[in-house]
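Only one structure is covered here, and it is reproduced in the block below.
The values are calculated or read from the model by the stated rules, or taken from the named source; none is laboratory data. Quantities reported herein were computed from a predicted structural model and do not represent experimental measurements. FYI the Cβ positions are ideal-geometry reconstructions off the backbone, even for glycines, and counts take in every protein chain you see.
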Amino acid sequence: MNPDVKSLLTVQQDDLDIYALEARLASLAPRLAALEQERSRAADALERARRAIEAEEARHRESKLRIETHRQLSERSQRQYESVTTPREATAAMAQLEQTRRMVTESERDAEAIHGRIEQLRQQASDLQQSLDEIEQTQSEARSSLDADRASIEAELTTARSKRDEHARAVPRPMLGNYDRIRRRRRAETVFPLRGPSCGACDTAVPTQRRASMAATGSLEMCEGCGALLYAAE
Ligand SMILES: [Zn+2]
């Protein structure tokens, strides 16, 4: 085999190694995104529960004020009832007093129900906080393992790239330039041997004359079928 082609094949192997490392690096991103999604689902649920608690607490404060108002009404009715002078006034005042007492009871019941919901929501928020803590605990291991993976792949990439640069110096500039131009488009194996009379990648037949020239000079020829660079293997 032509020694320049042999050097180029070494560079191609380096490039394929680099592509594989880059793919591994890219595959870390969705894993990190999945962790982030899980965590933010739990955090959002907790945030919603906290907002619900705040809303119910505001309603509870309002219901307390309502109780107070109704109690004052009821006390006033009580005083009115005590100060009546005729049986007719007594009947009306009693009806009024009973109505205001019912209002007090109802507003107290209302406040009690809101208080019950707040207790429930607080329990729910505390459960959600606990599961968020657990998720963050579990994820901290997964995250540091992802960080370690990234660091190790990046280190491998640095080594692979400098090895590639070194090997590329052995390839004549025009041949390397030609190869790089096609490789960047393909982002995959670019240089193939002839297989019999045909392209080793796609099997398109290569004319006899071109094959003869490749064998004689060690030149690379582009396949008309798939655009790969072909060399004469023997
Ligand atoms: Zn081809």
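(1) surrounded by fewer than 16 Cβ atoms within 10 Å (Cβ to Cβ); (2) within 37 Å of the chain's Cα centre (by Cα); (3) modelled with pLDDT of 95 or more; (4) within 16 Å of the ligand (Cβ to nearest atom): which one isn't true of Thr190, the others all being true? Of the numbered conditions (1) surrounded by fewer than 16 Cβ atoms within 10 Å (Cβ to Cβ); (2) within 37 Å of the chain's Cα centre (by Cα); (3) modelled with pLDDT of 95 or more; (4) within 16 Å of the ligand (Cβ to nearest atom), the odd one out for Thr190 is (1). Scanning the range 142-155 finds one or more residues that are closer than 30 Å to Leu32 by Cα and among the basic types (Lys, Arg). Of everything in the range 193-216 that is touching a residue at least 12 places away in the same chain (Cβ under 8 Å) and away from the ligand (no atom under 13 Å from the Cβ), the residue that is surrounded by the fewest Cβ atoms within 10 Å (Cβ to Cβ) is Ala215. Checking each residue in the range 190-217 for being of a type outside the set (Val, Ile, Thr) and touching a helix residue (DSSP H, G or I) at 6+ places or on another chain (Cβ under 7 Å) picks out Leu194, Pro197. Tallying residues that are outside any helix (DSSP H, G or I) and either at positive phi or among the hydrophobic types (A, V, I, L, M, F, W, C) (or both) within the range 78-100 yields 1. Just one residue in the set Arg143, Arg164, Arg181 is among the basic types (Lys, Arg), in a helix (DSSP H, G or I) and surrounded by fewer than 13 Cβ atoms within 10 Å (Cβ to Cβ); that residue is Arg181.
Selection over the range 146-161 of residues that are exposed (fewer than 11 other Cβ atoms within 10 Å of the Cβ) and either touching a residue at least 12 places away in the same chain (Cβ under 8 Å) or touching a His at 6+ places or on another chain (Cβ under 7 Å) (or both) gives a count of 0. Just one of (1) within 30 Å of Ile135 (Cβ to Cβ); (2) touching a residue at least 40 places away in the same chain (Cβ under 8 Å) fails for Gln12. It is (1). If you go through the range 2-19 and pick out every residue that is in a helix (DSSP H, G or I) and touching a helix residue (DSSP H, G or I) at 6+ places or on another chain (Cβ under 9 Å), you end up with 12. The number of residues in the range 219-234 that are surrounded by 21 or more Cβ atoms within 10 Å (Cβ to Cβ) and either away from the ligand (no atom under 13 Å from the Cβ) or assigned to a strand (DSSP E or B) (or both) comes to 4.
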